[in-house]
1. Based on the Cβ-Cβ distance from GLN21 to LYS61, what FRET efficiency comes out when R0 is 30 Å, to the nearest 0.05?
2. For the chain, what is the convex hull volume of the alpha-carbon atoms per residue, in Å³?
3. Which whole number of Å³ per residue matches the convex hull of the alpha-carbon atoms in the stretch 1-45?
4. In whole percent, what relative contact order does the chain give with Cα contacts below 8 Å and a gap of six or more residues?
5. The stretch 20-59: percent of C-alpha pairs farther apart than 17 Å?
6. How many nm is it between the label spots at GLU74 and ASN41, if each spot is 7 Å from the Cα in line with the beta carbon?
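Just so it is clear, none of the values below were taken in a lab; they were calculated from the coordinates. All values reported here derive from a predicted model rather than from experimental measurement. Virtual Cβ from ideal backbone geometry, glycine too; neighbours counted across all protein chains shown.
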Amino acid sequence: MLTIRCAKCKTKLFKYKKIGQGQVLRCYKDRIEPLEMIIKNGSLLCVCKNVVGIEMDSHFKMKTHQFIYTGRKENS
Ligand SMILES: [Zn+2]
């Protein structure tokens, strides 16, 4: 499980079950456990208003430099 944080203020946004060892480019909604995330006007925001992703139907398209993460990716 990964913990996704805002790159600017380090707030924990959500936990994410990442399948596979690749980059975190998309976060699928059904694998997210929300902590402090805000979804507004098609964007995924931190409480500090930093935009960390764009909302799509099934997932968020993540903005590479706007978040950091810790934890382990699951093997597929
Ligand atoms: Zn923030």
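1. Values: r = 20 Å, r/R0 = 0.66.
According to the calculation, E is roughly 0.95.
2. Details: hull volume 5.6 nm³, N = 76.
Considering the Cα atoms of the chain, their hull volume per residue is 74 Å³.
3. Given the Cα convex hull of the stretch 1-45, per-residue volume reads 84 Å³.
4. Answer for the chain is 38 percent.
5. Cα-Cα pairs of the stretch 20-59 separated by over 17 Å account for 29 percent.
6. Rounded to a tenth, the inter-label distance reads 3.5 nm.
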